[in-house]
Every structure is written in structure tokens, then in C-alpha cells.
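Report on the structure given below.
The values are calculated or read from the model by the stated rules, or taken from the named source; none is laboratory data. On a predicted model such as this, the values are computed, not experimentally measured, just so you know. Reconstructed Cβ throughout: ideal geometry from the backbone, glycine too, with neighbour counts over all protein chains shown.
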Amino acid sequence: MRRLFLMQCPGLWRWTLAFALVLACAGGSVAQAWNRRDQVNLAYQIALAEADFSPGILDGQFGPNSQMALKQYTQRFFPGANPYNSSDAQVYKSLHVDVKHAVATYTISSKDAALVGASPDKWQQMAKLSSMPYRSLRDCIAEKFHCTKGLLRRLNPGIKLSQLTVGETLRVPNIQPFPKPGPLPEPPPTDFSKPGAAAYIIIDEGKKTIRVYNAAHQQIALFHCSVAQYPDKLPVGQTVVKDMALNPDYTFNPKEWGGVHGVHHVLIIPPGPRNPVGLCWMGLNLPGYGMHGNAYPQNIGHTGSHGCFRMTNWDALTLFAMVRVGTPVKFIDNPLHKGSGSAQTGVASADNGNSGNSTAAGGSANTTAPAPAANSTAGSANAPAAGAGAPATNGGASAGGAPAANPNAPATSGGGDASSGIDQGFSVAPHGNRSSVGSGAGTSAK
């Protein structure tokens, strides 16, 4: 059919060929022009991230991770409310969504350039380095502003991101810049009685999320993660945080990695943002398992680990500041243990001796991605600014034809995590200081 169409339109093949050449020269993709819908999407993502309900890596596309974050935030603070209702602005106001200032400018500095260097892929070469830096200024700036390289490209269509230099100014997401690697400040001791402290953590292995709760059993944070590639490597039951380290090195043992050839002894990989465990490590009381940062933020949730729970570096450091050694951790929704428990089952106190991998845990049966909303527009199926309730680009009536009380309300009913945002029945670990936190300590993760 495509060939027949080209034959009937003899001039069209020239345009098709020209477009293919443009694609080839551009690396196979053409960035779409930035528009108001994208601006609203990004503004909501930034607001959710700053509220510790992470949408994942910022991309200007309000997909399943962003929808889940918005739904859980709403369940936590406004039970029963619909954040996609354009006539109800309470969630929008609570999040302090700032559409107008969602994008800012940033000038690349010599400090950024100092964070860039050789970052090889081979283990032997990594072990010879003194640090694991960013591979390029593009990588550095993307992580600094929590975003995909694709988003940077869309925000800066006239700039070659592969050839960035010091002094060049870019448009970036208007979010608190990610801390530079190197010596990182140790967070203060966590008191479970304080509002921002983690009393316990629930890791949903089906939805690939880490949820944090306070002593009042209220959800205070949501993070996305990668889990074990093979289901039999997913832990079950419950455990505790055993040790913590900022800016760790990484112990590579070839005996624990299948498919690695030519490495016959243990190697120590130096610290840095492209270290295999990123910029922080929260080890669990399970040999080789932990929650940690990652060298490739764009892969979180898309690729499997050997068993650990990988996070973006910025989310991992946020979680690091919430937990302490002894914080209880429960695993739910293990695909090999369906129906063997739920998030409502109690997590043991850190001091009751129940610190191992004790009982099987199941969880919510709904682990599928949310379905696209019926009133969304093509190209961004669940974007908050598309469809009824979204403002027109000229600031007039909404796309659905009626003016909205909240002109920047999301326009879809979303989907996302169907489980309750508040879990009951957990005992809380006692107050205490982080007594086993290291800086630059070594770790051996799966």
C-alpha cells in the first residue's frame, strides 16, 4: 500500500528520501517542538518530585510513573479527590505547580566540566581509575536536572548536545540541581518521631516502587526502581537496612556475575556518579542486596538487576536522608508468591530480632500499567494537559470548549497504582541515630 501510494505520487519519494536523510543526520529521531502541553506535564513532574512523590526521570511526558505519583500523592493528602478534575484545584495548589516557570536557563561551568572524564565499560579499566565520572557534559547536565537527554534535546533544538562547552547556556527543567559527586554531606540522624523520617519501607516488586511511611503509617515518599531480572532472585518477606554508605566504591566479584569473561579476581571500582551503585548504598540484611543509585538513570524500571533495587542517584540520595540502619523493609507483590500476604501484614520492629528474610509476601494483584484515558490526545496518551480541561495555547477556553476553574488541571483520569496509599498494621522501629553510616565505604551488590 505504501509503495502504491508513492507510485501514484511521483514527487513524494523525493520528500520521503529527504526526510530519511534528515533522520539519519539527526541520529534517527527528530525532536518535537516544545509546546504548552509539555510545559504543563513538566511542571507537574517537577512539583511531584519536590514533594518526594517521584515521577521518575523528568521527560515532559506524563506517563505511568507520573500518573502513579500523582495518584498516590492525592490519596495521601486528599483522599477521594480526583486530581484530573479541572474544576477542583486543591491538588494543583497543594503541589505548587508552577507552569509558567517550569523551564529555566543554566550556564555550563568549569565545575561541570571537572565532573566529566573517562568512564570505560570494561571492569579491568574501571578498576584502574581514581573515580567514575560522567562521560560527557550532556550526561552531567541531564543528571544535574533529573531529566532525559531527549528532554534536553527538545528544550534546546538548536544546540548540539554532544558538543557542549563551558559557558554555553541551556534551557533546563526548573528543579533543584542535583548535588555534584565527591564528598557528600552526611544527613543528620533520623528521629522516627519527626514528620520526614522513615518508620518503614515497602518495596513493591510488581510495580517496581519503593514507598516510605512515617510512624503514623502515612506515606511520605514514592520512588521508582529496577528489580531483579529473574523472579527467583526477588527477595520475599521482610528485612532491615543493615548498612549505609555515601559515595561508595564497588567490589566486583566475577564469580557472582554470569557471562563475564577475562576477569579472574576481585576488582574494586572507585566512587563516582557512574559507579555501578551510584552515589549511595543502603544495604539490606540479605547478602548482596541493597537499595542504591545507578550509573544509567534512563534505565530505571526498564532493565533488570541481579537482585538489588536500583534507583536514580537523586532519588537514592533523597531516600538515604530518610532512613537509618535498622529501618524495616517489607517486600510485596512477588510474582512467585502471589496471594501469600499483602502490604497490610505487619513489619517487625528493628529490635525484635526479626531482621532476616522471614516470611513470604504477596501484595496487590494489579501490576499492569494504567490504560490510556479516552479523552487524551495522540502522542501523549495520559498527559495532564491534553483533552478536556486543558487550556488552549492562547490562554482561552479549554480544549474541551469550556473554561476550567483550574486551567492547568490534568485532563485524564490516569490509572497508576491501585493499592491504598496508607498501609496499617506495622510496628515501628525505635528512635535512634545512624550508627553505621559510612562515607566512601565499599559495597558488593548484586
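Restricting attention to region 75-109, the residues that are within 18 Å of VAL172 (Cβ to Cβ) and free of Cβ contacts under 8 Å to residues at least 60 places away in the same chain add up to 2. Checking the stated criteria, LEU279 turns out not to satisfy the condition of being under 21 Å from ASN214 (Cα atoms) and in contact with a Pro (Cβ under 8 Å, 6 or more places away or on another chain). Looking only at residues of region 139-166 that are of a type in the set (D, E, K, R) and under 20 Å from ALA102 (Cα atoms), we find that the one that is surrounded by the fewest Cβ atoms within 10 Å (Cβ to Cβ) is LYS149.
Condition check ((1) modelled with pLDDT under 95; (2) of a type in the set (Val, Ile, Thr); (3) over 21 Å from the mean Cα position of the chain (by Cα)) across all residues:
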residue: LEU151; (1), (2), (3): no, no, no
residue: LEU161; (1), (2), (3): no, no, yes
residue: LEU170; (1), (2), (3): no, no, yes
residue: GLN176; (1), (2), (3): yes, no, no
residue: THR190; (1), (2), (3): yes, yes, yes
residue: GLY196; (1), (2), (3): yes, no, no
residue: HIS217; (1), (2), (3): yes, no, yes
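For region 246-327, the strands (runs of 3 or more DSSP E) that sit wholly inside it and include 1 or more residues that are surrounded by fewer than 19 Cβ atoms within 10 Å (Cβ to Cβ) and touching a residue at least 40 places away in the same chain (Cβ under 8 Å) are 249-252, 267-269.
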